[in-house]
Structure formats: C-alpha cells, structure tokens
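Worksheet: one structure, shown below.
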2 protein chains.
Amino acid sequence: MCQDWPLCNGKLFPLFDPGVTVVFVDLNNTKVELLEPLGDRSPIAKFLERNPDGGMHHVCFEVDDILSARDRLAAEGARILGDGAPKMGAHGKPVLFLHPKDFDGALIELEQA
Amino acid sequence: MCQDWPLCNGKLFPLFDPGVTVVFVDLNNTKVELLEPLGDRSPIAKFLERNPDGGMHHVCFEVDDILSARDRLAAEGARILGDGAPKMGAHGKPVLFLHPKDFDGALIELEQA
C-alpha cells in the first residue's frame, strides 16, 4: 500500500478479526493508518461502498485510561459501539469506537496509550 | 461549536473567503478543526449535502516549505486544487489543498509550518 514511501513503516499486516489489512505511515507524533478490506465480512466494506474513491474512515485518539475515558464519554451521552468492552487494536493495545452520530459524523477510536 | 469543552480554544472565527466558521480544539501536537458553512457559497456546503451527519472533511499536514512540497507532489502526479498558488489559511499561514482522487479519497491540506 505504501511500501515505496519514505515514511511508510513497511509493515503491512492483516487483522483477520475485524478483517482489515493495515499499514502505518509514521509522521511526527501522528500516524496515518492505511486500511484495505480483508475477507468478505470486513467492517470497512460498507464504507467503501458509500465512498468508492476511499476517504477518511476514522480518527484515533490515545487516552491514558481507556475505561475511564469510555465511562466519562458514556456519561456525557456518547454511544460506545459494540458491547462496550475494549478490543485489541492494530498496535496490540485496547481500543474502542464511538458512534459517529454523537461526533458530528466522525467515527472516533480511542486507544489505550 | 465547542466552547464548553475543556480543550476548545474558544476562539470561534469566521473566514469570509472561503466561507467557513472555524474553531480549534487543541490537543497535544494536533488540532481538531470544527467547521461550519458561512454564506451561500461555502466550499463545505457540498460536503454537507453528501454527508448530512457531517464527517471528516480533510486532514492537514504542516510542511517546512510549502512551495517545494507542492512542486515535489506535483512532480509525482498529485493535482493541486485551484490555481496552485497558496492561499491564507485559518492560522494566517499559506495553505494548499491536494486532489482527493490522488490520495485515496482523502482531501489533504498542506500548511506552511
């Protein structure tokens, strides 16, 4: 996906659950994550149907304590996607997703720092 | 838009050209820019038509030299939007936008650091 770019970390790896192939472009204090669907039930298949040219799928913020961040946001009315329990993310750390309708249409991911 | 959030810088200001009202949420090394249309000819009106719930409009990268970054990207085949000359952005610094079709559907902004 970006292996010939100078800043691409070159590690293209598949995540069979949830069904995406990812690679990261490392910038200063920020990473750009390139995603492609993996398998028939990829969670990004619907996004690509709606956005055939691709686009920005989500933005991820690191948080110091994912459970307290989750509980605080839920108390303020944000809906947590799935069963509310953190899953393992692409960096081997717990992640959660928040409902885009509660964030002006933007899909937000939280990752344990 | 976010004045009651802890990290919102609270400075809501209008940009009549191009026609958006913006406010920034300052994070560590990153800013989230909230945009709403201003006037009848706002450049984000079409985006909101296509995305009635809102969404992520663009991502901006700071570059050390916007003209050399532009020329390098153009030489690699990326299309620069508009007439190719940097315009004044929301921080009073020169900015340029790149064609989303050349970046997997993502609208990319460059800003002079």
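The values are calculated or read from the model by the stated rules, or taken from the named source; none is laboratory data. Remember, it's a predicted structure, so these values are computed and weren't measured experimentally. Neighbour counts are summed over all protein chains in view; Cβ atoms, including those assigned to glycine, are modelled from backbone coordinates with ideal geometry. In case anyone asks, the SASA skips ligands and DNA or RNA and just uses the protein heavy atoms, side chains included. Shrake-Rupley method; radii C 1.70, N 1.55, O 1.52, S 1.80 Å.
Miscellaneous remarks
- Here A:ARG72 meets each of (1) out of contact with any strand residue (DSSP E or B) (no Cβ under 8 Å at 6 or more places or on another chain); (2) buried (at least 17 other Cβ atoms within 10 Å of the Cβ); (3) of a type in the set (D, E, K, R) with one exception, condition (2).
- Cβ separations smaller than 6 Å between residues 6+ apart or across chains give the following pairs from region B:4-30 residues that are within 11 Å of another protein chain (Cβ to nearest Cβ) to residues that are open to solvent by less than 60 Å² (accessible area, probe 1.4 Å) and at pLDDT below 75: B:VAL25/B:CYS2; B:VAL25/B:CYS8.
- Residue selected from region B:36-50 under the condition under 22 Å from B:PHE103 (Cβ atoms) and open to solvent by 50 Å² or more (accessible area, probe 1.4 Å), by the criterion farthest from the other protein chains (Cβ to nearest Cβ): B:PRO43
- Conditions (1) touching a residue at least 12 places away in the same chain (Cβ under 8 Å); (2) surrounded by fewer than 15 Cβ atoms within 10 Å (Cβ to Cβ); (3) within 14 Å of chain A (Cβ to nearest Cβ); (4) in contact with a Lys or Arg (Cβ under 8 Å, 6 or more places away or on another chain); number of the one not met by B:ASP53: (1)
- A:ASP65 being open to solvent by 50 Å² or more (accessible area, probe 1.4 Å) and in contact (Cβ under 8 Å) with a residue 40 or more places away in the chain: yes
- Residue-level analysis places A:PHE97 among those that are away from chain B (no Cβ under 13 Å) and closer than 22 Å to B:GLY105 by Cβ.
- Test: residue in region B:5-12 that is surrounded by 16 or more Cβ atoms within 10 Å (Cβ to Cβ) and farther than 30 Å from A:VAL63 by Cα: no
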